[in-house]
1. Restricting to segment 9-30, and then to whatever is part of a loop (DSSP other than H, G, I, E, B) and of a type in the set (A, V, I, L, M, F, W, C), can you tell me which residue is farthest from the ligand (Cβ to nearest atom)?
2. Which of the residues belonging to segment 162-178 are within 14 Å of the ligand (Cβ to nearest atom) and surrounded by fewer than 16 Cβ atoms within 10 Å (Cβ to Cβ)?
3. Can you confirm whether Arg127 is over 27 Å from Ala39 (Cβ atoms), in contact with an Asp or Glu (Cβ under 7 Å, 6 or more places away or on another chain) and touching a residue at least 12 places away in the same chain (Cβ under 8 Å)?
4. Residues Ala262, Ala225: which one is farther than 30 Å from Ser310 by Cα, buried (at least 19 other Cβ atoms within 10 Å of the Cβ), more than 23 Å from the chain's Cα centre (by Cα) and in contact (Cβ under 8 Å) with a residue 60 or more places away in the chain?
5. Search segment 142-161 for residues being of a type in the set (A, V, I, L, M) and farther than 17 Å from Pro290 by Cα, and hand back the single one that is most open to solvent (accessible area, probe 1.4 Å).
6. Counting residues that are crowded, with 17+ Cβ neighbours inside 10 Å and touching a Lys or Arg at 6+ places or on another chain (Cβ under 8 Å), which strands (runs of 3 or more DSSP E) fully inside segment 76-122 reach at least 1?
Amino acid sequence: MSNVVIVGAGFAGLAAARVLAPQHTVIVVDKGRGVGGRAATRRIDDATLDHGAQFITTHTAEFAEEVEHWATAGVVTPWFHGQVGPHGVTNPDGHVRYRGTPTMNSIPRHLARGLDVRTETTVTALRVEHGRWLVQFDNEVLTADAVILTSPVPQSLALLDAGGVDLADDDRVALETVRYDPCIAVLAVFGGPVELPEPGALRLTDSPIDWMAEHVRKGVSARPAVTFHTTASFSEQHWDDPHDDIAAAVLGAAPFLDGHTAVATQVHRWRYARPSVLHPAPCLHATNLPPLLFAGDAFDGAKVEGAFLSGRRAAEQMLALI
Ligand SMILES: Cc1cc2nc3c(=O)[nH]c(=O)nc-3n(C[C@H](O)[C@H](O)[C@H](O)COP(=O)(O)OP(=O)(O)OC[C@H]3O[C@@H](n4cnc5c(N)ncnc54)[C@H](O)[C@@H]3O)c2cc1C
């Protein structure tokens, strides 16, 4: 048995851990308060909002089978079919979109069951010593035979740089090619019902808002509450703006809110929201180092499906190395 440390308890890290844990000692660490990474849910008083990933789609038979298991376990259910536009659903016969039940974060919490997952545990550096990995935290060091990094790629590279690890030139060039778009999310709670067309979500064009979803209608919240995701260009331009200015700009641009005033707003900045330039393979094995794999949604697939399958592929490759 080898000791494997997996950095990140999002879909990629948890998928990898579930493959490796039956055969090896696996510890998953995450700096967040809970598991799930960008599949995040927040409570504001008695309102509940998914503020990262909004729904799941399946494009491969492998992932569709996994989502069926999640449906059987009661952590996903179909939300709507097809795509949404500025006036609601545009092609009701299209792909099914699944939502988490009751929230998107329920799915990673389900995946984490039975695993050794340590949250609020930030890795600060990775070092190599005597052919093994030293995983450095604020007050502790773990020794590992192998590491899988599922944090967004720039964050993973920073951990190696902090520990003075020399990546092979080709690996570094490949990883530094990966790019992400940012996304500012505005979460707004309302005093009365907010009526959006079926399914309670819109994708807008020619607006600072890319997506908005009402969470009573989605089946997530006891109280009317809307998540707004801004476009990448709005997010870049307004990244450092004060909370109130961002919330005012977004609420001012939102359709279907006539006569509604938000009683509470929060702003969340997702710096590495979605990959815009992906690595062309489902994971990357770092050459000339103790076993080290990079995985996550920037590897081949994007979105929850890509992240999950990337984690699995990395774990399978790791099984061949250790
Ligand atoms: C606003 C938004 C909307 C989205 N909408 C959708 C959608 O509708 N459908 C869809 O399929 N996808 C959507 N996505 C994308 C989807 O959320 C991601 O593709 C997926 O969740 C990525 O999973 P991951 O495991 O690769 O990364 P993450 O979920 O980012 O997991 C990485 C983890 O690494 C941890 N970490 C980072 N650095 C450290 C460190 N130093 N020490 C310890 N832990 C660390 C982080 O805390 C994080 O939990 C959306 C994303 C965003 C931001």
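1. Within segment 9-30, the match that is farthest from the ligand (Cβ to nearest atom) is Ala21.
2. Matches in segment 162-178: Ala162 only.
3. no
4. Result: Ala262 is the single residue among Ala262, Ala225 that is farther than 30 Å from Ser310 by Cα, buried (at least 19 other Cβ atoms within 10 Å of the Cβ), more than 23 Å from the chain's Cα centre (by Cα) and in contact (Cβ under 8 Å) with a residue 60 or more places away in the chain.
5. For segment 142-161, the residue satisfying everything is Ala158.
6. 76-81, 96-100
Listed here are the residues, each with its yes/no results for (1) under 18 Å from Asp50 (Cα atoms); (2) within 11 Å of the ligand (Cβ to nearest atom); (3) at pLDDT 95 or above.
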| residue | (1), (2), (3) |
| --- | --- |
| Phe234 | no, no, yes |
| Asp240 | no, no, yes |
| Ile246 | no, no, yes |
| Ala286 | no, no, yes |
| Leu289 | no, no, yes |
| Leu293 | no, no, yes |
| Asp297 | no, yes, yes |
| Lys303 | yes, yes, yes |
| Ser310 | no, yes, yes |
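Conditions (1) without any contact (Cβ under 8 Å) to a residue 40 or more places away in the chain; (2) away from the ligand (no atom under 12 Å from the Cβ), marked per residue:
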| residue | (1), (2) |
| --- | --- |
| Gly36 | no, no |
| Ile44 | no, yes |
| Gly52 | no, no |
| Glu66 | no, yes |
| Ala71 | yes, yes |
| Gly82 | yes, yes |
| Pro86 | no, yes |
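The values are calculated or read from the model by the stated rules, or taken from the named source; none is laboratory data. Just so it is clear, the structure is predicted and the values come from calculations on it, not from any experiment. Positions of Cβ are generated from backbone atoms using ideal geometry, with glycine treated the same way; all protein chains shown enter the neighbour counts. When the accessible area is computed, the model is the full protein with side chains, heavy atoms only, and any ligands, DNA or RNA have been set aside. Shrake-Rupley method; radii C 1.70, N 1.55, O 1.52, S 1.80 Å.
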